[in-house]
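Undergrad: After the structure tokens below, expect a handful of questions from me.
Just so it is clear, none of the values below were taken in a lab; they were calculated from the coordinates. Since the model is a prediction, treat every value here as computed from it, not as a measurement. Here the Cβ is made from the backbone with ideal geometry for all residues, glycine too, and neighbour counts use every protein chain on show.
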Amino acid sequence: MPRKKKSSTPTGQRPLRVGEEIRHALSHILTYEMDRLDDPDLYGKSVTVTEVRVSADLRSATAFVVPLGATVEGYEAAPLIKALNRAAGYFRGLLAREVRLQFSPTIRFKLDESFDEASRIQSLLHDPAVARDLERDDDAGDGDETEDTDEPQDADEPQDTDEPQDKD
């Protein structure tokens, strides 16, 4: 009987918990070990680890990082990411000492652009043209909405209909 293909998506809570544990450990390592590295691209840099995604088999991890105190748009982060990926083996060894796993995962570093995307969307929502469109939608929506009530209507009261009513 052929074996089932394993899904590439994480199953259950374990990869999420391991990813969070690795994120905490990497944050600690990057805070206290950066000054011990001989790489001039990493010396004196502060990096925030925002998320770590771990594969389903816990063998590889992608760490999303942001340079601390700098926005991604105004800061050239490519040399920092390259330097972190060059030192990934060293970080993997330190990570193996801090997180108890059967295998220490291979780490890749990527720039986290989610904060810039969120600020871009926020600025779009505060754009005067969008605000004007939203106001127009609100004004048009006020006349169309009817209030639903659970109270039964009296038979003596005329009901609101779109058809004209005959007056006797």
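Undergrad: Report the residue count in segment 87-130 for those that are of a type in the set (A, V, I, L, M), out of contact with any helix residue (DSSP H, G or I) (no Cβ under 7 Å at 6 or more places or on another chain) and assigned to a helix (DSSP H, G or I).
TA: Here the count works out to 6.
Undergrad: Tell me the residue from Ser104, Ser46 that is among the polar types (S, T, N, Q), surrounded by 13 or more Cβ atoms within 10 Å (Cβ to Cβ) and without any contact (Cβ under 8 Å) to a residue 60 or more places away in the chain, please.
TA: Ser104
Undergrad: Shifting gears a bit: Scan segment 14-43 residue by residue and report those that are touching a residue at least 40 places away in the same chain (Cβ under 8 Å), surrounded by fewer than 19 Cβ atoms within 10 Å (Cβ to Cβ) and among the basic types (Lys, Arg).
TA: Arg14
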